[in-house]
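Below you'll find the structure, written out as structure tokens, and then a few comments.
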Amino acid sequence: MRIPCLALVLVAAASAQDIPRLADGRPDLNGVWDRPYVPDMSRNGANQQGAGPLPFTPWGEDNFKSYDVSKFDYTGHCLPQGLTRSMNSPFPIEIFQTANRVAVLYEAWNVFHVIPTDGRGFKKELEPTWMGTSIGRWDGDTLVVETAGFNGKTRLDTVGHPLTESLRVTERFTRSDAKHIRYEVTIDDPKAYSKPWTNVRTFTLRPDWEIMEYSCEENNRDLTEGHIK
């Protein structure tokens, strides 16, 4: 058994050496990243592993069953998508990383999200926002981002899985090799779900891409007059 174990150690060491790093030794997450479109976080898809049947609370199940996206979708009226739905979008993101913070620029809706990584914790009182308030820390070569303080006005994904103001999101960004990030997101919302659940996917580096301007038109008559759904 010693030879296979040694081989695994050598492979892991070689993979770690292939990961681009900054001067401080942290994995380099900078760049424009292509992501899989995840309209339903419970389902599997290309480059993503869904959570399977979700552990709804009675409130969460009733809320999801009664949700009809064809009647009203807040994103169709240019309201902010929220953190998870922004990350679920099919449009690329750009990550900027420094020693004390990471910023994520989302092409969708042209929004940004800043994540301090300087060791601070959450304030006792968080102002409720669309994207929530984040703090980051490094767990070895993985950037762990915890987010709380949501306003409860969004949905987790396009199909409408619910969330509340109690939502806590934990994201893990792991540079798996020179071209990929393993992204894991855990949803913890005790009002909507009886236990936390996780979705995993892969981001692909696109050095040949730039994020583009995205314009959402609030007065979209094709949508409001029912020509498209």
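Observations on the model:
- Looking across LEU163, LEU223, LEU156, LEU167, one residue alone is closer than 24 Å to SER66 by Cα, at pLDDT below 95 and in contact with a helix residue (DSSP H, G or I) (Cβ under 9 Å, 6 or more places away or on another chain). It is LEU223.
Listed here are the residues, each with its yes/no results for (1) without any contact (Cβ under 8 Å) to a residue 40 or more places away in the chain; (2) over 30 Å from ALA178 (Cα atoms); (3) buried (at least 21 other Cβ atoms within 10 Å of the Cβ); (4) not acidic (Asp, Glu).
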{"residue": "CYS78", "(1), (2), (3), (4)": "no, yes, no, yes"}
{"residue": "THR84", "(1), (2), (3), (4)": "no, no, yes, yes"}
{"residue": "GLY119", "(1), (2), (3), (4)": "yes, no, no, yes"}
{"residue": "LEU143", "(1), (2), (3), (4)": "no, no, yes, yes"}
{"residue": "GLY152", "(1), (2), (3), (4)": "yes, yes, no, yes"}
{"residue": "LEU156", "(1), (2), (3), (4)": "no, no, yes, yes"}
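- Filter pass, HIS180 being touching a strand residue (DSSP E or B) at 6+ places or on another chain (Cβ under 7 Å), modelled with pLDDT of 95 or more and within 19 Å of ASN199 (Cβ to Cβ): yes
- Qualifying residue in the range 93-104 (condition: under 25 Å from LYS191 (Cα atoms), of a type outside the set (Val, Ile, Thr), part of a loop (DSSP other than H, G, I, E, B) and free of Cβ contacts under 8 Å to residues at least 60 places away in the same chain): no
- Positions within the range 122-156 being outside any loop (DSSP other than H, G, I, E, B) and among the aliphatic types (A, V, I, L, M), in sequence order: ILE135, LEU143, VAL144, VAL145, ALA148
- Top-ranked residue of the range 64-121 - restricted to ones that are acidic (Asp, Glu) and over 20 Å from the mean Cα position of the chain (by Cα), ranked as farthest from ASN30 (Cα to Cα): ASP68
- Looking across the range 24-60 at every residue that is closer than 13 Å to LEU156 by Cβ and among the aliphatic types (A, V, I, L, M), the one that is modelled with the lowest pLDDT is identified as ALA51.
- Per the conditions (1) farther than 20 Å from PHE203 by Cβ; (2) touching a residue at least 60 places away in the same chain (Cβ under 8 Å); (3) among the small types (Gly, Ala, Ser), the sole criterion not satisfied by ALA51 is (1).
- Residue within the range 105-119 that is in contact with a Phe, Trp or Tyr (Cβ under 9 Å, 6 or more places away or on another chain) and assigned to a loop (DSSP other than H, G, I, E, B) present: yes
- Failed item, numbered, when ARG101 is tested on (1) out of contact with any Phe, Trp or Tyr (no Cβ under 9 Å at 6 or more places or on another chain); (2) closer than 25 Å to GLY45 by Cβ; (3) surrounded by fewer than 19 Cβ atoms within 10 Å (Cβ to Cβ): (2)
- For the range 173-189, the condition holds for no residue, the condition being that it is among the polar types (S, T, N, Q) and more than 18 Å from ARG35 (Cα to Cα).
The values are calculated or read from the model by the stated rules, or taken from the named source; none is laboratory data. If you're wondering where the values come from, they're calculated on a predicted model, not measured in any experiment. Reconstructed Cβ throughout: ideal geometry from the backbone, glycine too, with neighbour counts over all protein chains shown.
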